[in-house]
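Q: Provided herewith is a single structure, encoded as C-alpha cells, for subsequent inquiry.
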Amino acid sequence: MVQLFRYCFVAVGAFVVDYGFYFLLSYLMGVQYLVAAFVGFVMGTSTNYLISKYMVFQGEPKSRTSEVMLVFLISGVGLLWLELGLYLLTDIYGVHYLASKLVMTAVVFLWNFFARKFFMYSKFFNILKE
C-alpha cells in the first residue's frame, strides 16, 4: 500500500507532464489528438520512470538496460491501451478527447503500476540485485 501511495504521488507529477503536453499540442496547437497523446505519454512515462526509480521501486537493478527496457515495454503496452481507448471513447462513443484522455490515463496508471510491480519487482521476476 505504501508503494501504491508513493506511486500515486509520482503519477501526479507524470500526469501533469503528460496531460500538459497533450493539452498544449492538441488543444492549443491543433495537433491530432492521437499524435499528441503519444508525445505526452512518452514525456510522462520518462518523468514517471525517473521519479519512481528513486521514490517507489527502490534498489539497484541487476541490469540498468534491462530495467529501462522493461519499463518501456510495459509502458508500450500502456500506450497501446491509451491509443485504443482514446480512439474508442472519442471517435466511436463521441466523448470529448480531453475527457477521454482523463479516463484512459486512470486505466493506464493502474496497468503501469501493477505490471511493473509484478513483472519487474515480484518474487517471480525480480530485476533487483539480491
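We did not get these values from a lab; they are worked out from the coordinates using the rules stated. Keep in mind that what you see is a predicted model, and the values were worked out from it rather than measured. Cβ: placed from backbone, ideal geometry, glycine included. Neighbour counts: every protein chain shown.
Q: Under the 0.36 nm per residue contour assumption, what length would be gained going from the current alpha-carbon distance of Val103 and Val12 to full extension?
A: Working it through step by step, the gained length comes to 31.3 nm.
Q: Still on this structure: Could you list which residues have their amide H under 5 Å from that of Val31, counting only those 5 or more apart in sequence or on another chain, with H placed in the peptide plane?
A: Here Ser26 satisfy the definition.
Q: Run lengths n ≥ 4 of DSSP H only: what is the helix-derived mean residue ellipticity at 222 nm for the chain, with -39500 (n - 2.57) per run over all residues, to the nearest 500?
A: Here the helix-only value at 222 nm equals -25000 deg cm²/dmol.
Q: Could you state the principal axis extents of the C-alpha atoms in the chain, from the largest down, to the nearest angstrom?
A: Reported extents, whole Å, longest axis first: 49, 27, 23.
Q: Which net charge results when you count Lys and Arg as +1 and Asp and Glu as -1 among the other residues whose beta-carbon is under 13 Å from that of Leu4?
A: Result for the local shell: +3.
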